[in-house]
1. Please compute the modelled spin-label separation between HIS92 and LEU106, points set 7 Å along Cα→Cβ, answer in nm with one decimal.
2. So how many Å³ per residue does the convex hull of the Cα atoms of the chain work out to?
3. For the chain, what does -39500 (n - 2.57) per DSSP helix run (n ≥ 4), summed and divided by total residues, give at 222 nm, in deg cm²/dmol to the nearest 500?
4. Using 0.36 nm times the number of residues separating ARG69 and GLU55, minus their current alpha carbon distance, what extension gain do you get?
5. Considering the convex hull of the alpha carbon atoms of segment 138-179, report its projected area averaged over all viewing directions, in nm², one decimal.
6. What is the antiparallel percent of DSSP beta bridges lying wholly in the chain, to the nearest 5?
7. Considering the Cα positions of segment 34-243, please state its Rg to one decimal place and its Dmax as a whole number of Å.
8. Want the number for ALA152 to GLU17: 0.36 nm per residue separation, take away the alpha-carbon distance, what's left?
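All of the numbers you see were taken from the coordinates with simple rules; none came from a lab. This structure is a prediction, so every number in the text was calculated from the model and none was measured. For neighbour counting, all protein chains shown are included, and Cβ atoms are generated from backbone atoms with ideal geometry for every residue, glycine included.
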Amino acid sequence: MVDYNQFPSPCYVVEEELLRRNLGLIKQVSDEAGVEIILAFKSFAMWHLFPVFREYITHSTASSLYEARLAWEEFGSKAHTYSPAYVEEEFHELLGYSSHITFNSLSQMVRFASHASEMGVSCGLRVNPEYAEIETELYNPCAPGSRFGVTAEQLPQVLPSVIEGFHCHCHCESSSYELERTLQQLEHKFSHWFHQLRWLNLGGGHLMTRNDYDVSHLIVLIHGLKRRYPHLHVILEPGSAFTWQTGVLLSRVVDIVENHGVRTAILDVSFTCHMPDCLEMPYQPEVRGAMRGDKGPYVYRLGGNSCLSGDYMGSWSFDHELQVGEQIIFEDMIHYTMVKTTMFNGIQHPAIGIWRKEGIAEVYRQFSYEDYRSRMG
């Protein structure tokens, strides 16, 4: 059992044992399917834990100069890099940290691909199959009018020789059956060019560590794809799957207010600052010891400690009246949290820690006023 009292509040706490469980399953899929699975930094970039990741995987994916540099300096290998658009001033440095680079448009390819190829970086194009089963449009890269990827109608019959791969990303916490239907669309529209390629990156959103995910079906799908195109090196780059249900966000109650019969427990964290997907997705987290809804004896909204009016979630039902100082634990708060936080309002940023498999608490980082001040100039 994790002793959360050994951590400050607020704090993100990763459990090493749960992380290793996910990593072990991901390596199993990689080995059995013959597919390369790499970590997407956009979901998790806690570099203190990269040595643990390197026991199971060898590469990562980056979407910016800083992420690519982190891959090279802290993960210890060059990144598979994709960005909606590269800028001239950064591009040469970015190539130095990249083994693969994917262009989002034909114009970016024309502008930058020859330079990348001269530096020995494998070049690819992001393609848009114009198909996705993502209900929340904010997370749908294939929505009508999307700025992501090249459609089949835009491609020439013969690809430039510098292009060695296609990158397709159109999933979000998706199942293997959604991947199956996506592959049908992808092959229908783009398999004409597959013989000209060396690799195929199927992007992220493959939530293979979720309990109800059909891992065996995923492996069968990849085997079938490789039988049809045995020359292609297949890559998956999930984010959430690596750190799904591997840790929590600790917080505590700092006040309780009531208005028109609605009681709100105000916390020392903020949804808009520290759990942005809760407002963007919207994603409803689990709260330890509480049930969603207003059917219990003690019902509270949980409010963030910022000045944003909508910085709250609710309702949750508890079996007791909450008290100031009481600990509130948000479950599954490691993926897409630390990487998306802000210091809006100058609110205390959660610390970052890990509960080691040996039962030891380690706090890697606590944030101070100087961290906020340094961002302002």
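1. 2.9
2. Working: hull volume 58.2 nm³, N = 377.
Cα-based convex hull of the chain, divided per residue, equals 154 Å³.
3. Per the formula, -7500 deg cm²/dmol.
4. Values: separation 14, 0.36 × 14 = 5.04 nm, distance 2.04 nm.
My answer for the length gained is 3.0 nm.
5. Values: hull surface 17.4 nm².
Quarter of the Cα hull surface area: 4.3 nm².
6. Counting DSSP beta bridges with both partners in the chain, the antiparallel share is about 45 percent.
7. That works out to 16.2, 46 Å for Rg and Dmax.
8. This chain segment gains 44.2 nm when fully extended.
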